[in-house]
1. Identify, by number, the condition in (1) farther than 12 Å from Ile6 by Cα; (2) in contact (Cβ under 8 Å) with a residue 60 or more places away in the chain; (3) surrounded by 14 or more Cβ atoms within 10 Å (Cβ to Cβ); (4) not polar (S, T, N, Q) that Lys113 doesn't meet.
2. Are there any pairs with C-beta distances below 6 angstrom linking a residue in the stretch 25-43 that is closer than 17 Å to Ala227 by Cβ to a residue that is polar (S, T, N, Q) and not in a strand (DSSP E or B), with the two at least 6 apart or on different chains, and if so which?
3. Being modelled with pLDDT of 95 or more and within 15 Å of the chain's Cα centre (by Cα) is true for just one of Ile32, Ile85. Which residue is that?
4. Condition first: surrounded by fewer than 18 Cβ atoms within 10 Å (Cβ to Cβ), of a type in the set (Asp, Glu), modelled with pLDDT of 95 or more and outside any loop (DSSP other than H, G, I, E, B). Can you find one or more residues in the stretch 57-78 that meet it?
5. Does the stretch 153-171 contain any residue that is in contact with a strand residue (DSSP E or B) (Cβ under 9 Å, 6 or more places away or on another chain) and closer than 19 Å to Pro48 by Cβ?
Amino acid sequence: MKFGIIVFPGSNCDHDCYHAVKHIFDQKAEYIWHKETSLKGFGCVIIPGGFSYGDYLRTGAIARFSPVMQEVAAFAKNGGLVIGICNGFQILTEAGLLPGVLMRNKTLKFICKNVHIRIENNRTAFTKTYQKNQVLNIPIAHADGNYFADQDTIKRLEDNNQVIFRYSDKDGKITEDANPNGSVNNIAAIINKTGNVFGTMPHPERVCESILGGENGKKIFEGIVSATI
């Protein structure tokens, strides 16, 4: 299959994503400049982490208006797989492809560390190779990872099983102490109702090789590849 990795001014995790899909999973991969207006031929689009447009106004607010995002919306509407990682998640919420918003961390500080997350839904193209309630150790790196939505939206996400990852302790318990950024209900990742647009604050592309500290994120990409063969 063919992956497209979108590059905005300020993206800095695009090479990590390219390395994961190209060199670890031996898949076709291309960078897509944010001014492109065609996603023809791609099976999955990745919106990587970084600081698109320097995070001016607020995270993802300017990137949402880049020409390529109209194509991402059309691609998603037609069933294409889209994964937004960290800043990519923020961009997807700004673009209305995922509900809610990512606000400043409760500490008002940038957080860069490994955390534990629990798999809440393993019946998606992105998580089907994990076990439900499996606990992963995975890195985060963000200043605006505090997921928030109104009560009705949160209820819909919970009722529709659209919460994919939740911050937990190493034993899988969902506690306030395990929540690094203040996200409502410890939410770390969600998916759209149709199951093809996935947003995650943790970085799976950074834990795909044991030499780099672990392989807890590897199965995300395994799921994507197997879903589109």
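The values are calculated or read from the model by the stated rules, or taken from the named source; none is laboratory data. Remember, predicted model here, so these are calculated numbers, not experimental data. Cβ sites come from the backbone with ideal geometry, for glycine too, and all protein chains shown count toward neighbours.
1. (3)
2. Partner pairs satisfying both residue conditions: Gly43/Thr228.
3. Working: Ile32 fails: within 15 Å of the chain's Cα centre (by Cα).
The match here is Ile85.
4. No: zero hits.
5. The answer is yes, given that some residue of the stretch 153-171 is in contact with a strand residue (DSSP E or B) (Cβ under 9 Å, 6 or more places away or on another chain) and closer than 19 Å to Pro48 by Cβ.
Here is a yes/no grid of residues against (1) modelled with pLDDT of 95 or more; (2) in contact with an Asp or Glu (Cβ under 6 Å, 6 or more places away or on another chain); (3) crowded, with 19+ Cβ neighbours inside 10 Å:
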residue: Glu158; (1), (2), (3): yes, no, no
residue: Arg166; (1), (2), (3): yes, yes, yes
residue: Asp169; (1), (2), (3): yes, no, no
residue: Lys173; (1), (2), (3): yes, no, no
residue: Ile190; (1), (2), (3): yes, no, yes
residue: Gly199; (1), (2), (3): yes, no, yes
residue: His203; (1), (2), (3): yes, no, yes
residue: Ser226; (1), (2), (3): no, no, no
